[in-house]
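These notes are about the structure you will find just below.
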Amino acid sequence: MEPENHKTKAVNVLRSRICDPKFIFNNDYPDSNYSKLKFMISSSVTEACNNSILLLGPRGSGKNAVLEVVIQDLLQEYPDSISVIRLNGLLHSDDISAFKEIARQLCMEHQLLFSKAASFDDNSQFMVAILKECGLAHKTVIFVLEEFDLFAQGKQRLLYSLLDAMQSITSQAVVLGISCRLDADQLLEKRVRSRFSHRKLLFLPPSMEDSQKLLMHMLTLPIDSSFPHDYATEFNTKVKNIIEDRKFKETLQKYLNVDSSVKHLLRFLFCAVSHIDLQTGFLSQEGFEIAFSSIQRQPKLECLRNCSNLELHILVCMKRLEVKEKSLCNFNSVMKEYKTMHDSFRTSEYYSRSVCLRAFEHLLHLEMICFTDNRGQNLSVEFRPVKLLISSAELHQGLRSYNSCPAYLIKLMDREG
């Protein structure tokens with residue numbers, strides 16, 4: 001078997017980094033969520049105190065990833081002092097199934113026999129008893145509640161029982177709630193809120209500057225014996241030049257405008273790394289642009305490519321009416337605009353009203369346009385108000401990529417843009 005050359009090794013190193021949450025989020029800056037969360041949980045373990053913390057932020061912002069890194073680090077530091085119980089609001093939002101799952105995991109953790117026939121009260125009392133035993137043994141039980149806001153519905157008996165049991169000096173536990181709702185703590189009942197520690201960590205999508213720092217962190221090769229010194233130095237210089245390039249910043253900004261979450265950014269990065277030229281062994285600006293175009297979902301553009309010339313005319317007419325700030329736009333007003341456009345450009349093709357109506361209904365079916373509301377369902381299609389479901393940029397890009405699109409339509413969009 002041939003030894004792995006340094007170019008292939010560089011690609012493998014970068015890919016493994018992108019798939020390793022510990023490398024991405026494990027930083028010791030005191031202001032990082034990793035450092036704050038680790039400090040709060042480790043303090044509860046070492047000082048034998050109870051705690052409850054909420055991790056809040058949009059999906060893909062790294063809440064679960066950071067928590068998993070912290071838990072794995074603490075399990076290595078305190079292997080006999082921590083046990084982890086995991087619940088998910090999508091699966092265990094009702095109290096009976098939640099307590100049964102807690103009892104099952106506690107039985108597995110302490111090598112006890114789990115009874116499926118145990119009642120709700122039996123499982124609740126068992127949990128309280130185990131928490132007391134763990135407290136006496138100086139062992140912390142960490143409860144991870146994913147989709148925390150779903151547990152905050154109904155009577156909230158699970159949350160009350162957990163937080164109430166933690167009021168005892170003999171128990172030793174940490175409750176970690178994870179939610180994409182920033183107002184999750186406001187959903188708690190008064191009796192639950194009074195027992196909650198009110199500690200919250202906010203996970204925000206990275207800014208442009210933070211994204212650039214993350215890219216540098218992920219793509220910089222180590223200057224050591226792992227790689228030839230000249231290759232690693234040149235690789236890092238090229239990466240820095242690409243990230244500081246104005247054109248790259250524009251590409252990155254467009255990508256962040258679609259979805260600025262860490263998860264989405266890493267997906268983009270993995271795709272770009274996969275386009276490394278193995279002949280040279282370096283990342284390139286073209287590789288990032290290819291990654292951007294290949295990963296960007298553009299369902300509306302796909303629909304545009306399958307539209308007829310007439311349907312494109314109708315979409316442009318609706319866009320022109322939108323620019324003119326027409327408060328009401330329906331099939332009849334679109335037809336007037338279509339006739340105006342035909343007279344202005346003296347086009348050879350002019351379709352009858354019935355043909356245009358069929359094209360209009362097809363656009364409704366494709367969801368390129370839709371009715372503004374559900375009122376007037378008894379009215380004919382021609383009279384119901386409609387709106388565009390495609391942006392000016394998407395329509396302009398679609399027209400340019402459409403081979404048989406009339407040139408004057410593109411000129412019209414250029415003028416409107």
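The values are calculated or read from the model by the stated rules, or taken from the named source; none is laboratory data. This one's a predicted model, so the numbers in the text were calculated from it and none came from an experiment. Counting neighbours? That spans all protein chains shown, and the Cβs are built from the backbone with ideal geometry, glycine included. Ligands, DNA and RNA are stripped out before the accessible areas are found, and what is left, the full protein with its side chains, is counted by its heavy atoms. Shrake-Rupley method; radii C 1.70, N 1.55, O 1.52, S 1.80 Å.
Restricting attention to region 279-321 and to residues that are of a type in the set (Phe, Trp, Tyr) and in a helix (DSSP H, G or I), the residue that is surrounded by the most Cβ atoms within 10 Å (Cβ to Cβ) turns out to be PHE288. Of all residues in region 97-114, exactly one satisfies the criterion of being touching a residue at least 12 places away in the same chain (Cβ under 8 Å) and either loosely packed, with under 14 Cβ neighbours inside 10 Å or part of a loop (DSSP other than H, G, I, E, B) (or both), namely HIS110.
The residue of region 382-394 that is nearest to ASP414 (Cα to Cα), among those that are of a type outside the set (D, E, K, R) and open to solvent by less than 40 Å² (accessible area, probe 1.4 Å), is ILE390. Taking (1) touching a strand residue (DSSP E or B) at 6+ places or on another chain (Cβ under 8 Å); (2) crowded, with 21+ Cβ neighbours inside 10 Å; (3) closer than 22 Å to ASN27 by Cβ in turn, LEU75 satisfies each apart from (2).
So that you can scan it fast, the table gives a plain yes or no per residue for (1) open to solvent by less than 60 Å² (accessible area, probe 1.4 Å); (2) without any contact (Cβ under 8 Å) to a residue 12 or more places away in the chain; (3) out of contact with any Asp or Glu (no Cβ under 8 Å at 6 or more places or on another chain); (4) not assigned by the TED database to the domain that holds SER211:
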position	(1), (2), (3), (4)
SER43	yes, yes, yes, yes
GLU47	no, yes, yes, yes
LEU54	yes, no, no, yes
GLY62	yes, no, yes, yes
VAL66	yes, no, yes, yes
SER81	yes, no, yes, yes
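A Cβ distance below 8 Å, combined with a sequence gap of six or more or placement on separate chains, defines the contacts here; from region 335-353, residues that are in the same structural domain as VAL316 (by the TED database) and modelled with pLDDT under 85 reach residues that are among the polar types (S, T, N, Q) and part of a helix (DSSP H, G or I) in the pairs GLU349/ASN309.
Report yes if GLN186 is over 33 Å from the mean Cα position of the chain (by Cα) and either polar (S, T, N, Q) or at pLDDT below 90 (or both), otherwise no. Even if it seems obvious, please write down each step before you answer.
Values: over 33 Å from the mean Cα position of the chain (by Cα): no; either polar (S, T, N, Q) or at pLDDT below 90 (or both): yes.
When the stated conditions are applied, GLN186 does not pass them.
The residue that is farthest from ILE314 (Cα to Cα), among those in region 356-381 that are among the β-branched types (Val, Ile, Thr) and surrounded by fewer than 16 Cβ atoms within 10 Å (Cβ to Cβ), is THR372. Just one of the listed residues (ASP210, ASP122, ASP149) is open to solvent by 10 Å² or more (accessible area, probe 1.4 Å) and modelled with pLDDT under 90, namely ASP210.
Residues being in a strand (DSSP E or B) and touching a helix residue (DSSP H, G or I) at 6+ places or on another chain (Cβ under 6 Å): count how many of those fall in region 176-227. Please lay out each step first, then the result.
First pass over region 176-227, keeping only residues in a strand (DSSP E or B): 176-179, 199-202.
Narrowing the set further to residues that are touching a helix residue (DSSP H, G or I) at 6+ places or on another chain (Cβ under 6 Å) leaves 177-179, 201.
Total satisfying the criteria: 4.
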